[in-house]
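Engineer: A single structure is presented below for examination.
Each reported figure results from applying straightforward, stated rules to the coordinates on display, with no laboratory input. Keep in mind it's a predicted model, so treat the numbers as computed, not measured. Don't worry about glycine lacking a Cβ; one is built from the backbone with ideal geometry, like all the others, and counts go over all protein chains shown.
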Amino acid sequence: MARVGPMKLHEESIPPGERDPAAPYYLAALDEIAVFEAAHRRQLPLMLKGPTGCGKTRFVQYMAHRLQRPVVTVACHDDLTASDLVGRYLVKGGETVWIDGPLARAVRQGAICYLDEIVEARQDTTVVIHPLTDDRRILPVEKTGETLVAPNDFMLVISFNPGYQSLLKDLKASTKQRFVGLEFDYPDPDMEQEIVVHESGVDKETARGLVLLGGKIRNLKDKGLEETASTRLLVYAGQLIGEGIAPQRACEIAMLTPITDEPEVKRGIRELISSVF
């Protein structure tokens with residue numbers, strides 16, 4: 001399974017002349033762009049593993065733009081049913097009509113279907129994707145008796161945070177083995193600083209401080225901190241600073257309050273914030 005970050009940016013991954021200003025902003029860490037394109041050409045389903053806020057969703061958005069394909073995103077949750085994905089009959093104007101779910105729409109459109117945080121969905125729901133992940137590439141719609149055949153451009157992408165896995169929330173091995181996989185992590189400091197500058201608009205010095213603080217907070221992961229400071233939260237802090245919020249206060253709002261309620265941990269993070277800002 002290829003690993004994406006933390007590492008230096010591969011400049012060859014996106015030649016400067018090929019950067020599309022209309023594309024979602026994304027910096028490649030390794031060969032994930034080439035892997036995604038190869039999987040799309042070969043009609044292989046792709047699994048993205050990595051912590052919350054490290055760029056998995058942005059990567060999918062970027063690749064959809066690069067491949068000029070629509071993307072249908074589903075935020076998975078405990079109550080997600082097979083009907084939510086495939087579709088159901090609904091009453092409209094006194095008539096009963098069939099309404100496609102997001103998975104069926106994506107298959108019909110030849111879109112990229114992105115199932116975000118797939119482990120949050122029930123296992124009896126995720127089995128509905130199995131026929132789409134082998135050489136059949138079909139979606140049986142039992143309620144209508146229809147069988148949708150995925151066109152060549154259709155691609156199934158799933159993501160999850162392996163840090164949240166448990167006996168109750170994990171993918172079956174039989175599901176995992178249907179996918180090729182990329183592992184994501186937070187970017188290396190230089191790359192993360194560039195992301196924070198671009199996404200929040202703060203100067204390089206402020207971004208450097210935010211990235212330094214983020215790294216210090218992540219080091220607390222082994223000391224009882226269940227959640228940590230993601231790249232997304234660093235950007236949020238930068239955006240607050242850009243709006244005139246004092247750096248220490250912005251970091252408390254964006255990088256302390258969302259990740260812990262433990263008094264001792266909060267005290268330690270406040271000390272880290274004070275040491276940086």
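Engineer: Exceeding 19 Å between C-alpha atoms, which entries from my cross-link table qualify? They are 216/266; 56/176; 143/176; 56/216.
Structural biologist: Beyond 19 Å: 143/176; 56/216.
Engineer: Relative to the Cα centre, what is the charge dipole magnitude of the chain, using +1 at the beta carbon of each Lys and Arg, -1 at the beta carbon of each Asp and Glu, and rounding to the nearest 20 debye?
Structural biologist: 380
Engineer: Helix 231-242: angle to the longest alpha-carbon principal axis of the chain, degrees 0 to 90, nearest 10?
Structural biologist: 50
Engineer: Angle between the Cα long axis of helix 189-200 and the longest principal axis of the chain, 0 to 90 degrees, nearest 10?
Structural biologist: Orientation of helix 189-200: about 80 degrees from the principal axis.
Engineer: Cβ neighbours within 10 Å, averaged per peptide: list 174-181, 47-54 in order, most packed at the top.
Structural biologist: So the order, starting with the most tightly packed, is 47-54, 174-181.
Engineer: Note down the relative contact order for the chain as a percent, whole number, built from C-alpha pairs under 8 angstrom at least six residues apart. Please report the intermediate quantities before stating the final value.
Structural biologist: Values: 457 pairs, mean separation 58.5, N = 277.
After rounding, I find 21 percent.
Engineer: To continue, here is another question. Over segment 189-276, what is the mean sequence separation of C-alpha contacts under 8 Å (at least six apart), divided by residue count, expressed as relative contact order in percent? Walk me through the intermediate numbers first.
Structural biologist: Numbers: 93 pairs, mean separation 26.0, N = 88.
Contact order relative to length: 30 percent.
Engineer: Now a separate question. For the chain, what is the calculated [θ] at 222 nm in deg cm²/dmol (nearest 500), taking -39500 (n - 2.57) for each run of four or more DSSP H residues and dividing by its residue count?
Structural biologist: Working: 11 runs with 105 residues, N = 277.
Estimated from H runs of four or more residues: -11000 deg cm²/dmol.
Engineer: Another question, then. When ranked by the protection proxy of mean other Cβ atoms within 10 Å per residue, highest first, what sequence do the peptides 238-246, 114-122 form?
Structural biologist: Per-residue mean Cβ counts within 10 Å order the peptides as 114-122, 238-246.
Engineer: Separate question: How many nm is it between the label spots at residue 22 and residue 147, if each spot is 7 Å from the Cα in line with the beta carbon?
Structural biologist: It works out to 3.9 nm between the two label points.
Engineer: Relative to the present Cα-Cα distance, how much length would full extension add between residue 203 and residue 183 at 0.36 nm per residue of separation?
Structural biologist: 4.2 nm
Engineer: Assign one of three labels to segment 170-277, namely rounded, prolate or oblate, based on the Cα gyration tensor with a ≥ b ≥ c the square roots of its eigenvalues; rounded applies when a/c is under 1.5, prolate when it is not and a/b is larger than b/c, and oblate otherwise.
Structural biologist: Cα axes put segment 170-277 in the oblate bin.
Engineer: For the Cα atoms of the chain, what angle does the longest principal axis make with the long axis of helix 32-41, in degrees from 0 to 90, nearest 10?
Structural biologist: 0
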